[in-house]
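To keep things clear, I will list the structure first and then write my remarks on it.
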Amino acid sequence: QVQFVESGGGLVQPGRSLRLSCTASGFIFSRYPMRWYRQAPGKEREMVAQISTSGDTKNYANAVLGRFVIFRDNSKNMVYLQMDSLKPEDTAVYYCSAFGLPDWGKGTLVTVSS
């Protein structure tokens, strides 16, 4: 079955960086665009970043543009989210998903606070 396992979250001070990782299994990873989403307390889940199957095309939400970078390694079935210059408003549970598949992982919590 399709599975996503996110990791790399934690507590970090504003202005610092984190790198999230997602290991995918149960489908042909290289054939799917991948996305990172986040859900802050009391808010709806929102898409943060998307990457094409080859990794050549990337799209970002305005709120993270210039601070976050999505990339993938098709040989390892993994997608990453490098997050720099973190802000308190980035606090959320972060999830990865494959565009076109309904499955979700448990997510990883990122807390940005001094």
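The values are calculated or read from the model by the stated rules, or taken from the named source; none is laboratory data. Fair warning: this is a prediction, and the values are worked out from it, not measured in the lab. Here the Cβ is made from the backbone with ideal geometry for all residues, glycine too, and neighbour counts use every protein chain on show. Please note that ligands, DNA and RNA were not included when accessible areas were found on the heavy atoms of the full protein model with its side chains. Shrake-Rupley method; radii C 1.70, N 1.55, O 1.52, S 1.80 Å.
Below is a table of values for the structure above.
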| quantity | calculated |
| --- | --- |
| Chain lengthening between PHE99 and SER85 when straightened (0.36 nm per residue, less Cα-Cα) | 2.3 nm |
| Under 12 Å, Cβ to Cβ, from PHE99 - net charge with Lys/Arg +1 and Asp/Glu -1 | +1 |
| Heavy-atom accessible surface of the stretch 37-114: percent carbon and sulfur, 1.4 Å | 49 |
| Tensor-based shape of the stretch 52-109 (alpha-carbon gyration tensor, a/c under 1.5 rounded, otherwise prolate or oblate) | oblate |
| HN-Hα J in Hz across the stretch 21-34 - Karplus 6.51, -1.76, 1.60, θ = phi - 60°, x for Gly and Pro | 10, 9, 9, 10, 7, x, 7, 7, 3, 5, 9, 10, x, 10 |
| Solvent accessible area, Å² - LYS58, 1.4 Å probe, full protein context | 80 |
| Spin-label pair GLU46/LEU11, simplified geometry with 7 Å Cα→Cβ offset, distance in nm | 2.5 |
| Vicinal HN-Hα couplings computed from phi for the stretch 81-96 (Karplus, 6.51 cos²θ - 1.76 cosθ + 1.60; Hz; Gly/Pro x) | 9, 8, 10, 10, 6, 5, 10, x, 6, 7, 4, 4, 8, 9, 10, 10 |
| Centre separation in Å (Cα based) which lies between the stretch 77-111 and the stretch 1-63 | 4 |
| Potential extension, THR23-LYS106 segment - 0.36 nm per residue separation minus Cα distance | 28.7 nm |
| Förster radius 25 Å - calculated FRET efficiency between GLN1 and VAL69, Cβ distance, rounded to 0.05 | 0.25 |
| Where the chain is the region considered: accessible area per residue in Å², 1.4 Å probe | 54 |
| Three-way shape label, the chain, alpha-carbon gyration tensor, a/c 1.5 | prolate |
